[in-house]
Amino acid sequence: MNQAAILKVPAVGYGKSGPGFQGDRRGAAISVALWLFIGVATALFLLFIAAYVMRMDASDWSPLAMPWQLWLSSALLALASVLLQLAARASSVLLLQRARARLLAAGICGCAFLVVQWWGWLALQAIHVSATGNPAGSFFYLLTAMHGLHVAGGLVAWGITAAGARRQDAGRLTWQIRLCARYWHFLLAVWLLLFAVLGWLTPEVVRMVCGVR
């Protein structure tokens, strides 16, 4: 018999649609706190990108060729984001086994993202691109390390959610997966911006955009 036919959606939920975490103030506070964290982290990354852009005009700047591993890591992060969104959708209609499977797959992709990023670092170090000397290399390691730390933090939250996935009721599990998905969508957006800036933004482009010759 279909699992959805046995279980009923809880009458009270957090959020406007689907089951949630009891609709209480604690759930709302955690959701708001996550939005605030995303806002602060976004401002931090934008400040570092601004510093990167201003530093590009120096005479000691030498552009880097992005290692091909970053394309693979980008695909893995995008897949993790999609899987979490699909897990939240499956959980909201009480397809809990499917939601748990997608949640697990998303975490595996997140871990693989960090491994491939490290592989990309090793590829650059193999051609003698270090964190000192060329400021382009310094910024590359700094920005990717910052993003990697945020991904690691997301994996901690994912691990807590995955560890309790079989014990949680549908409403609480849906609420937790939605928060994870929101954060991973943020990580993906930040990474795509960083990848574009590190890979394709050049001093010539900056001068053209700013109207400086």
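The values are calculated or read from the model by the stated rules, or taken from the named source; none is laboratory data. For clarity, every value in this text was computed on a predicted model and none was experimentally measured. Because the Cβ atoms are built from the backbone with ideal geometry, glycine has one as well, and the counts that use them run over all protein chains shown. These area figures cover heavy atoms from the full protein model, side chains too; ligands, DNA and RNA do not enter into them. Shrake-Rupley method; radii C 1.70, N 1.55, O 1.52, S 1.80 Å.
Scan region 10-49 for residues that are modelled with pLDDT under 50, of a type in the set (Val, Ile, Thr) and surrounded by 15 or more Cβ atoms within 10 Å (Cβ to Cβ) and the total you get is 0.
Residues to consider are Ala157, Ala163; find the one that is touching a helix residue (DSSP H, G or I) at 6+ places or on another chain (Cβ under 8 Å), surrounded by fewer than 22 Cβ atoms within 10 Å (Cβ to Cβ) and either among the aromatic types (Phe, Trp, Tyr) or within 30 Å of Ala101 (Cβ to Cβ) (or both). Within the list Ala157, Ala163, the selection yields Ala157. What do you reckon, is Ala99 modelled with pLDDT under 95 and crowded, with 20+ Cβ neighbours inside 10 Å? Yes. The C-beta contact set for region 138-167 (first residue within 20 Å of Trp61 (Cβ to Cβ), second residue open to solvent by 40 Å² or more (accessible area, probe 1.4 Å) and outside any helix (DSSP H, G or I), distance under 8 angstrom, 6+ apart or interchain) comprises Ser138/Ala131; Ser138/Thr132; Tyr141/Ala131; Leu142/Ala131.
Summed over region 50-62, residues that are open to solvent by 20 Å² or more (accessible area, probe 1.4 Å) and touching a Leu at 6+ places or on another chain (Cβ under 9 Å) total 1. When Leu70, Leu86, Leu143 are screened for being out of contact with any strand residue (DSSP E or B) (no Cβ under 7 Å at 6 or more places or on another chain), open to solvent by 40 Å² or more (accessible area, probe 1.4 Å) and part of a helix (DSSP H, G or I), only Leu86 passes. Consider region 172-192 and keep the residues that are open to solvent by 40 Å² or more (accessible area, probe 1.4 Å) and more than 14 Å from Met66 (Cβ to Cβ). The one that is nearest to the chain's Cα centre (by Cα) is His185. If you go through region 169-198 and keep only what is at pLDDT 95 or above and of a type in the set (Val, Ile, Thr), you end up with just Val190.
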